[in-house]
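What follows draws every value from the coordinates through simple rules; no lab data is involved. A quick note: this is a predicted structure, and the numbers were derived from the prediction, not measured. Cβ atoms come from the backbone with ideal geometry, glycine included; neighbour counts cover every protein chain shown.
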Amino acid sequence: MILTGFILTPGIDILSIPYALSSGGWLSLIILVLIAATACFTALLLRQCMDKDPDTITSYIDIVGHAFGHKGGVMILPTMWLNDLGILSFVSAGGVLSSIIVTVCAFCVGATKGIGFHGKRRLFNLNGIPTTLSFYSLMELISKSTKKQVIVACSENQVLLLSFVICTITYLTMAVLGYLIYGQNVQSQITLNLPIEQVSSKVAIYTILAGPIAKYALTVMSIATAIERQLSASFKDCRSASILIRMSLLVSTVVLATVFPSFQSVTSLIGAFLKVVVSFLLPCVSYLNISEVYRNWGYELIGILAIMLLAVFFLGCWVHIHLLLKL
């Protein structure tokens, strides 16, 4: 059976999950599970969109293009430029491994004599819910690229559900461990709390540093590939031209980050916006257009509209938190 290759990898945002839990309290774990279930549901909507015409709809670009025409495909194109998801799958596997390593290291820190799992905790904090929602919504439970590549002997839904279950358990474990160890004193990234003199802390920090480096290379490769497609035939297979393009992208990123002090904040805000749009809003709107469910009121339509409203709420919470941090 053909597997729809959803890329699901716990990312560096796993470091902020304990802080999100400390902001909302133990009951906010329910929100985390609900967001994970919502992301899984929107991924299933994408699968249903692909099943409408399996021969022509094989990627996210095709889904949006089928729902909104060529202009829609162009709109989503920049986030889908990577054409070799086989390479990305290895990085995804590395991301899962790094998340497990960091979680184990956090447990080792808590199990160390003199630290323990005695942080001050609370059941619920209503004032911290906007912060909790904004961080939970940025979890990398995102199915932004789909491509029929891998043949496996199991059903697609089972693989998809298993991926979400593994990611959700990883996030839950890190959230609970971080909150048990540091309680309300946990910082925005748990690595800031880790005692640097311990070996497990150093392993966690170096593991986290390796993740963005690998993912940045993949991001640059996707943009470079799109640029190379626009070159003339004589330069498309030129190795020197390919290296020059990639070096130019790297240098331009460094220059922007150096010259503009707010570059990191702006890019994080844009990234958060795109993540919520691609993960929640676009799958729902595309499914509504392709399946024409909106013509008849029912539980499915109500659920999809609720998810869309939730996505808008997430965006509002994140912008609100971002503005507060700037004050």
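Find how much the distance from M247 to I30 grows on full extension, using 0.36 nm per residue of separation minus their present alpha carbon separation; answer in nm with one decimal.
Roughly 73.7 nm would be gained on extension.
Quick one: net charge of L27's neighbours, Cβ under 15 Å, K/R +1, D/E -1?
Taking every other residue near L27 into account, the sum is +2.
Can you give the local net charge around H66? Use residues other than it whose beta-carbon is closer than 10 angstrom to its beta-carbon, Lys and Arg +1, Asp and Glu -1.
-1
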